[in-house]
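The block underneath contains the structure these notes are about, expressed in structure tokens.
The values are calculated or read from the model by the stated rules, or taken from the named source; none is laboratory data. The structure presented is a predicted model; accordingly, all values stated were derived computationally and were not measured. As a convention, Cβ positions derive from the backbone with ideal geometry for all residues, glycine included, and neighbour counts pool all protein chains shown. The area values use the complete protein model at the heavy-atom level, side chains included, leaving out ligands, DNA and RNA. Shrake-Rupley method; radii C 1.70, N 1.55, O 1.52, S 1.80 Å.
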Amino acid sequence: MLRRTFSMAGLAALAGARPALATTPELRVLSHSSFNLPKPLLAEFERSAGLRLSLIKAGDAGEMLNKLILTRAQPIADVVFGIDNALWSKAQAAQVLDAYDGPAARRPAVAEVGAAVVPVTYGHVNLNADKAWLAREKRALPTSLDELTRPEWTGRLVVTNPATSSPGLAFLLATVGGLGEAAAFDWWARMRANGLKVVKGWSEAYYTEFSRNGGSRPLVVSYASSPAAEVFYSKEKLTEPPTANLFLKGGVFRQVEGVALVRGGAQREAAGRFIEWLRGPAVQQALQTEMWMLPAERGAPTVAALRVASEPTAVDNPGADALAAHGGAWVARWTRTVLK
């Protein structure tokens, strides 16, 4: 989604406010590249916790989890942010997470990820459409996924690879959950024949391929909050979103992402403080316009910028048991169907 890039150089500039690095404990935080919070908020946590944050960004969430798995013999982090309900079963099977039992883990959240992961944010993955392109082409918004397989939509959709991208995986799972496995992969095969484009991650899809940002594809896999973010960041001070959400059957996934202890990691007490901080009021408010996700803490208010975002009335998530049993096979089948 439309998330600002966090500047490690900017965080380093705050080092003067810290105790000497040689005597300050370090908490290593592994995250996906979209993890972003205001620098003053991060610095305040460091001061209050008496530690130094080392933020390790490892690409999209799928890439992040792969890196966590590959380094499990010698963990590169103490805590990980960005494991979501689409990736949870893979993380559990790889045994790279440890359970945390502090207050944040015991409080019910708006939505859950799975055992050992404390929910922090949630949102919805779905298709976004470029309104200006539709107006120029005198096209109405498509009303079904099946419509996108027709000749008039040839070469108009860009998606992200579910093997490397969390929204890509979420969208694949939505097609299976909403259409059924056989119909979903039939749809993917027809989309391949109809000029579907696949890229590695969300940023490339949205900022390079999407026609709103100069690309040629007026349809993109993104988030329900992306139109609101377009208004928030617009240089021309828009009052209406220039993009539209498509909540099509088989095309909406409720994504919940959270934070967890890394198995074999150090700094357990500091990691626990970090987990509690992520579920605290300051972070639950800030993440809404930094990461463009909704707060998982029950009762946390929604900021004004997100109140203009439309939300789906139904989602297409497969059941947790089906995802755990078949998620890896679905990704492998998608690869054979779409890429090979």
>> Where the second residue is surrounded by 17 or more Cβ atoms within 10 Å (Cβ to Cβ) and aromatic (Phe, Trp, Tyr) and the first is under 17 Å from Gly251 (Cβ atoms) and lies in the stretch 134-151, which pairs have Cβ atoms under 8 Å and are six or more apart or on separate chains?
In response: Pro142/Trp153; Leu145/Trp187; Asp146/Trp187; Glu147/Trp153; Thr149/Trp187
> Of all residues in the stretch 227-267, which are open to solvent by 50 Å² or more (accessible area, probe 1.4 Å), farther than 30 Å from Gly114 by Cα and under 21 Å from the mean Cα position of the chain (by Cα)?
Replying inline: Phe232, Tyr233
>> Looking for something more than 20 Å from the chain's Cα centre (by Cα), under 23 Å from Arg263 (Cα atoms) and open to solvent by less than 30 Å² (accessible area, probe 1.4 Å) - is there at least one such residue anywhere in the stretch 93-103?
In response: yes
> Is there a residue in the stretch 76-85 that is in a helix (DSSP H, G or I) and either without any contact (Cβ under 8 Å) to a residue 24 or more places away in the chain or surrounded by 15 or more Cβ atoms within 10 Å (Cβ to Cβ) (or both)?
Replying inline: no
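Please count how many residues of the stretch 188-203 are at pLDDT below 95, open to solvent by 30 Å² or more (accessible area, probe 1.4 Å) and more than 13 Å from Leu339 (Cβ to Cβ). Break it down stepwise before answering.
Of the residues in the stretch 188-203, the ones at pLDDT below 95 are 200-203.
From what is left, the residues that are open to solvent by 30 Å² or more (accessible area, probe 1.4 Å) are 200, 203.
Filter again for more than 13 Å from Leu339 (Cβ to Cβ), leaving 203.
Qualifying residue count, the stretch 188-203: 1.
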> Just for the stretch 141-165: of the residues that are open to solvent by 10 Å² or more (accessible area, probe 1.4 Å) and among the small types (Gly, Ala, Ser), which one is nearest to Tyr206 (Cα to Cα)?
Replying inline: Gly155
> Of everything in the stretch 295-319 that's of a type in the set (A, V, I, L, M), under 17 Å from the mean Cα position of the chain (by Cα) and at pLDDT below 95, which residue is surrounded by the fewest Cβ atoms within 10 Å (Cβ to Cβ)?
Replying inline: Leu306
> Only one of these conditions is not met by Ala271: (1) of a type in the set (A, V, I, L, M, F, W, C); (2) outside any helix (DSSP H, G or I); (3) in contact with a Leu (Cβ under 6 Å, 6 or more places away or on another chain). Which number is it?
Replying inline: (2)
> What number goes with the only condition from (1) on the phi < 0 side of the Ramachandran plot; (2) touching a residue at least 60 places away in the same chain (Cβ under 8 Å) that Gly264 does not pass?
Replying inline: (1)
